[in-house]
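Scroll down for the structure; my scribbles are underneath it.
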Amino acid sequence: MAPRNQDGNFMDVDSDSDISLLGDVEHRGKGKGKGKATDKRKKDKGKAKAKEQAYTWEASYTRSWDTVQEDEAGSLQGAVEDLMARGRRRRLLAPAAAIRRTIIRHLVLLLDLSAAMMDRDMRPTRFDLMLQYAREFVVEWFDQNPLGQIGVVGMRAGIGERIGEMSGNPQDVLKYLSDRSRLEPTGEPSLQNAIEMARSSMSHLPTHSSREILIIFGSLTTCDPGNIHDTLDACVKNKIRISVVALAAEMKICRNLCDKTGGQFGVAMNEGHFKDILFELVPPPAQRAVARTGGPGASNPAADLMMMGFPTRLPDSSPPSLCACHSDMKSEGFLCPRCMAKVCDVPTDCDICGLMIVSSPHLARSYHHLFPVKPYEAVRSMDGISEPVTACHACARVFSITASTAVASEGVSPWGRYRCPDCHNDFCAECDVFVHDVIHCCPGCGK
């Protein structure tokens, strides 16, 4: 073996480092320039490889410094607060007109379990990110729609696979989505088979409830056994609303499914956008107007009365008895007010008499979609206010005495004040979002 050169500036030709040192360049100058050519080829190859590796998540970091501007004092605090306020109030800027909505919802979640979901353009993979957001979506959906039910269907290997039955218990649905071994992606998806399975599971539902299908689709192909347009016509006839969240690109058939059934369609550009368009489907959809056949109110949409029962809850110390839904011996449960049958959870339909059993708190929580809190008005100027309040009416947080110097955007107050149009009390940005998203009741006027 040749003796190793003791020069500290010397590096071997096949070294992985692309750092060129002065001593190395002088040493290789005697070797006909082969070292320089090798280093140059390695650098060019590395640059070309770096240009080829473009991921979706890198788009959020492209010249992100252009979105913030310094104020007169050279601080970025105002610009950062403005960006946060715009993000918090984005959903509150929508018009708050009175819209008739369906509070009893039935949703089938269609998950793409094809091989395309293993792509890594969304970290860690499309499949893992879909499961994470699906679990978060289920928790938020049941919080906003306590009278609804969700079923889960998977698409893989050219068939539709039932992952979980329709259930009104969020813990059951989360259990279906947590078993990763049962959801391993493989093969090609089939939109037609999955939609047919979801449609058949909702064929027995009453007319006063909504029928919805939410598809999370990451493939660019679908392997269908027949004409999918016949399935689309059947969904339109059965009044099933289909919404699609695409992770790859827009497909014509997905757009048609949403347009003809009245659903929403969106293509996720990155992880954050994926979550945004998915959570836009949490509020109940507006109900389609159905004109009456005759009478003085023929122009008004039809309204039907429905019968509900409020059950009696059994304590844990009650004697064990069989439940009508699972035939299990349990102590706790709920008694149907009509036939006194025992059920495990509410809301549900009694298996004996068919009565819809709900709890009064669930029914009251569903009303906030029908009677939403009016959006608070952003205070743009303090002129004309002789004695402005110094703290938030809800949390007593002291307001800033100086206006923000950041570029003011629509719906954002430079003073950090948001005023109720009914009671005229001022609230901070955090309480504004908390009132409209969580408690759904103004602390000042009780509306």
Exercise. Would you calculate the separation in nanometres between label points at ILE159 and GLU188, each defined as 7 Å from the Cα along the Cα-to-beta-carbon direction?
Key: 1.7 nm
Practice problem: Beyond 27 Å between alpha-carbons counts as too far, so tell me which of LYS175/LYS237; LYS175/LYS275; LYS252/LYS275; LYS252/LYS374 fall in that bin. | Solution: LYS175/LYS237; LYS252/LYS374
Self-check item: In Hz, Karplus ³J(HN,Hα) per residue of the stretch 199-208 (6.51, -1.76, 1.60; θ = phi - 60°; x = Gly, Pro)
Solution: 5, 5, 6, 10, 5, 8, 6, x, 6, 7
Quiz item: Can you pull the percent of the stretch 105-286's accessible area that's carbon plus sulfur, 1.4 Å probe, other chains left in place?
Solution: 50 percent
Quiz item: Please state the relative contact order of the stretch 105-286 as a whole percent: Cα pairs under 8 Å, 6+ residues apart?
Solution: 25 percent
Quiz item: Sorted by packing (mean other beta-carbon atoms within 10 Å per residue), highest first, where do 427-437, 339-349 land?
Solution: 427-437, 339-349
Practice problem: Compute the separation of the alpha-carbon centres of the stretch 222-241 and the stretch 254-287 and state it in Å as a whole number. | Solution: 18 Å
Self-check item: Residue-normalised accessible area of the stretch 105-286, expressed per residue, 1.4 Å probe, Å²
Solution: 39 Å²
Self-check item: the stretch 212-219 - phi-based ³J(HN,Hα) in whole Hz, Karplus 6.51/-1.76/1.60, Gly and Pro as x
Solution: 10, 10, 10, 10, 9, 10, x, 9
Quiz prompt | Carbon plus sulfur fraction of accessible area for the stretch 372-447, probe 1.4 Å, in percent | solution = 56 percent
Self-check item: Amide proton proximity set for GLN287, modelled H, under 5 Å, gap of 5+
Solution: ARG100, ARG101, THR102
Exercise. May I ask for the net charge around LEU174, where only other residues with Cβ less than 11 Å from the Cβ of LEU174 are counted and Lys, Arg are +1 while Asp, Glu are -1?
Key: -1
Quiz item: Using a basic spin-label model with each label point 7 Å from the Cα along Cα→Cβ, how many nm lie between ASN238 and ASP345?
Solution: 2.3 nm
Quiz prompt | Accessible solvent surface per residue of the stretch 372-447, calculated while the other protein chains remain in place, 1.4 angstrom probe, Å² | solution = 56 Å²
Quiz prompt | Percentage relative contact order, the stretch 372-447, counting C-alpha pairs under 8 Å, at least six apart | solution = 37 percent
Exercise. At 1.4 Å probe size, with every protein chain present, just tell me what the per residue accessible area of the stretch 308-367 comes to in Å².
Key: 56 Å²
Quiz item: When the accessible area of the stretch 308-367 is split by element with a 1.4 Å probe, what percent falls to carbon and sulfur?
Solution: 55 percent
Quiz item: Of the peptides 165-173, 252-260, how do they stack up when ordered by the mean number of other Cβ atoms within 10 Å, highest first?
Solution: 165-173, 252-260
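The values are calculated or read from the model by the stated rules, or taken from the named source; none is laboratory data. As the structure is a computational prediction, the values presented were derived from the model and not from experiment. Ideal geometry is used to build each Cβ from the backbone, glycine not excepted, and the neighbour counts take in all protein chains shown. Heavy atoms of the whole protein, side chains included, go into the accessibility calculation; ligands, DNA and RNA do not. Shrake-Rupley method; radii C 1.70, N 1.55, O 1.52, S 1.80 Å.
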